[in-house]
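Since every read-out is calculated from the coordinates, none of them should be taken as a lab result. All figures in this text were calculated on a predicted structure; none of them were measured in a lab. Cβ: placed from backbone, ideal geometry, glycine included. Neighbour counts: every protein chain shown.
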Amino acid sequence: MKIEQLEVRYIIPKLINPFPLGEVNGKPRIVGPARDMIALQAQTTEGYLGWGTIDTLPFPFYNPEWTEGAWELLQRVGPNVVGVEFFDPQEIVDALGPIVGHNIFKAGFANLFFDASAQINGVPLYSLVGGSRRPVEVGISIPKSASQDDIRKQIAQGFRRIKVKVGPLQDDLEKIALIRNANPDVMLMVDANSSFDHGNPEHMRLLRKFAELDLLMIEQPLAPDDIRHHIALQQKFDREGIPGRVCLDESIETLDQLEQAIEGGIPIINIKIARVGGLHVAKQMIDRAQSEGVATWIGGMLEPTPSKAHSLAMATHPGVTLPSDISGTKAYFVEGDDPVTEPMEREGAVIKIREVPGRGWDIDQVKLKEITAKQVVFEKK
Ligand SMILES: [Mg+2]
């Protein structure tokens with residue numbers, strides 16, 4: 001694939017509801033209502049338009065990347081990928097320069113490569129990432145304030161997996177216990193987004209109590225850079241016969257970190273394509289986890305639908321054995337702010353992959369223009 005022209009846009013779609021990641025040290029982390037990110041569109045020599053997004057958040061509270069920083073970096077390294085022939089996704093990432101970390105930034109370019117390659121080769125994207133035609137089962141996230149009635153409605157819609165964001169609070173534990181008791185058959189999970197401190201005995205007591213509820217998983221309770229204590233926690237659950245399952249999200253950015261988690265007995269990994277650096281890395285991680293009997297599912301970064309289509313393709317991989325976090329189009333963005341021509345529809349808890357060349361959902365250039373704050377075009381010299 002060769003890029004003749006690369007158009008980059010700083011876009012600000014608005015979220016219907018701000019998305020809280022939970023508090024750390026008493027400080028809230030809330031995404032939105034403005035969801036700043038960067039859209040990449042590459043015109044290839046064959047005349048196709050490849051799509052990718054840099055799904056950074058507006059502030060570095062999920063990982064060290066953030067959108068203003070990514071935009072500055074892009075002005076320096078974006079021109080490096082124009083006018084060069086690329087044969088695999090790592091080549092385009094390497095062409096950006098010797099960049100340490102910045103996986104979300106790199107993923108934008110790797111995914112752009114896959115997106116364009118699928119179109120050029122006339123094949124569905126899933127076929128390039130080890131996927132198949134199977135429909136993708138998805139779960140739902142509900143706020144902890146949701147009533148039993150709200151939860152019953154979600155179950156009636158067909159969702160088998162329900163996720164609730166929690167913090168190190170007795171109140172959160174009691175809410176989850178109520179949901180568990182009222183819905184014993186649902187796959188109930190909690191996501192703590194690193195809000196528990198392994199050195200705090202009260203936090204560790206609460207984690208044990210959450211584990212005793214026999215949840216599908218406790219996602220990322222401890223700090224992002226602390227695989228060690230996550231492993232120790234899982235081993236303690238196993239040793240003491242507590243049905244707790246630790247899932248890692250923020251902690252897994254590289255294949256080496258994945259190996260550490262697998263070796264230590266972590267049973268579940270949330271794979272976010274942006275967090276790990278692109279579809280090619282996500283595929284390697286899922287292949288590896290599958291070969292070791294470790295379950296995976298696909299998480300999201302509140303990305304627009306054309307990028308969710310990338311996640312959907314990845315979620316058709318046979319190693320993805322748990323319901324993924326891929327919502328339909330209307331779930332997050334205010335009307336008109338999601339730059340897609342046709343919505344991604346859910347049927348119950350299932351989204352069907354489209355059997356067409358490329359990602360399957362087209363860009364709405366008019367909507368894209370309306371959410372653009374600034375734009376730069378890099379041309380071949
Ligand atoms: Mg998470």
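Stretching Asn200 away from Arg239 to a fully extended chain increases their span by 12.0 nm, per 0.36 nm per residue minus the current alpha-carbon distance.
Principal axis extents of the C-alpha atoms in the stretch 136-351 (largest first, rounded to whole Å): 51, 42, 26. Taking other Cβ atoms within 10 Å as a rough exposure proxy, Phe87, Phe196 sort from fewest to most as Phe87, Phe196. Amide H contacts of Thr45: Lys2, Glu4, each under 5 Å away and 5 or more positions distant or on a separate chain (H built 1.01 Å from N in the peptide plane; Pro and chain starts excluded).
Please state the shape class of the stretch 259-334: rounded when a/c is under 1.5, otherwise prolate if a/b exceeds b/c and oblate if not, all from the C-alpha gyration tensor.
Numbers: a/c = 2.23, a/b = 2.09, b/c = 1.07.
Prolate shape, in that a/c is at least 1.5 and a/b is the bigger ratio.
Estimated from helices alone, the mean residue ellipticity of the chain at 222 nm is -10000 deg cm²/dmol (sum of -39500 (n - 2.57) over DSSP H runs with n ≥ 4, per residue). A protection proxy built from the mean count of other Cβ atoms within 10 Å ranks the segments 258-264, 371-377, 92-98, most packed first, as 258-264, 92-98, 371-377. Using a ≥ b ≥ c from the Cα gyration tensor of the stretch 1-160 (square roots of the eigenvalues), is it rounded, prolate or oblate, where a/c under 1.5 gives rounded and otherwise the larger of a/b and b/c decides, a/b for prolate? It comes out oblate by the Cα gyration axes. Each of Ala331, Pro304, Ala282 was placed along the dipole of the stretch 136-351 (beta-carbon charges, centred on the mean Cα), and the one lying farthest toward the positive end is Ala331.
Is the shape of the stretch 15-91 best called rounded, prolate or oblate, per the rule: a/c under 1.5 gives rounded, else a/b larger than b/c gives prolate, else oblate, with a ≥ b ≥ c the square roots of the Cα gyration tensor eigenvalues? If you can, show how the numbers build up before the last one.
Working: a/c = 3.13, a/b = 2.30, b/c = 1.36.
Since a/c reaches 1.5 and a/b is larger than b/c, the shape of the stretch 15-91 is classed as prolate.
Amide H contacts of Val138: Ser324, Val350, Ile351, each under 5 Å away and 5 or more positions distant or on a separate chain (H built 1.01 Å from N in the peptide plane; Pro and chain starts excluded). Relative contact order of the chain: 22 percent, from C-alpha pairs under 8 Å at least 6 residues apart in sequence. For the stretch 333-381, chymotrypsin sites (Phe, Trp or Tyr not before Pro) meeting the loop criterion (DSSP other than H, G, I, E, B) and having at most 14 other Cβ atoms within 10 Å: none. Residues in the stretch 37-51 carry Karplus couplings, in order, of 7, 10, 9, 10, 10, 10, 7, 8, 4, 7, x, 8, 10, x, 10 Hz; the curve used is 6.51 cos²θ - 1.76 cosθ + 1.60 with θ = phi - 60°, and Gly or Pro positions show x. Give the relative contact order (percent, whole number) for the stretch 136-351; include only Cα pairs under 8 Å separated by 6+ residues. In percent, rounded to a whole number, it is 19. 3J(HN,Hα) along the stretch 213-224, derived from phi through the Karplus expression 6.51 cos²θ - 1.76 cosθ + 1.60 where θ = phi - 60°, amounts to 6, 6, 6, 4, 6, 10, 8, 6, x, 9, 4, x Hz, with x in place of Gly and Pro. Across all directions, the average projected area of the convex hull around the alpha carbons of the chain is 17.5 nm². Taking 0.36 nm per residue of separation and subtracting the Cα-Cα distance, full extension of the segment from Gln90 to Lys374 would add 99.5 nm.
Compared with the dominant Cα axis of the chain, that is its longest principal axis, helix 279-291 is turned about 40°.
Extending 7 Å from the Cα toward the beta-carbon at both Asp225 and Thr321 defines two label points whose distance is 3.3 nm. Filter the trypsin sites (Lys or Arg not before Pro) in the stretch 177-214 down to the DSSP loop ones having no more than 16 other Cβ atoms within 10 Å, then list what survives. Sites meeting the loop and neighbour criteria: none at all. In a reduced charge model with +1 at each Lys and Arg Cβ and -1 at each Asp and Glu Cβ, the chain shows a dipole moment near 520 debye about its Cα centre.
How far is helix 103-121 tilted off the main Cα axis of the chain, in degrees rounded to 10, range 0 to 90? Orientation of helix 103-121: about 60 degrees from the principal axis.
So between Ala34 and Gln284, what do we pick up on full extension, going 0.36 nm a residue minus the alpha carbon distance?
Numbers: separation 250, 0.36 × 250 = 90.00 nm, distance 3.28 nm.
This chain segment gains 86.7 nm when fully extended.
Here's how it looks for Glu219: its modeled amide H is under 5 Å from those of Val190, Asp191, Ala192, Cys247, which are all 5 or more places away or on a different chain. Roughly what angle does helix 170-182 make with the longest principal axis of the chain, taking Cα atoms, 0 to 90 degrees, to the nearest 10? Here the helix axis deviates by roughly 90 degrees. For the stretch 248-297, the normalised intensity computed at q = 0.15, 0.24, 0.26 Å⁻¹ comes to -0.29, -0.79, -0.94 (log10 of I(q)/I(0), Debye sum over alpha carbons, equal scatterers, no solvent). The stretch 267-342 and the stretch 146-160 have their alpha-carbon centroids 23 Å apart.
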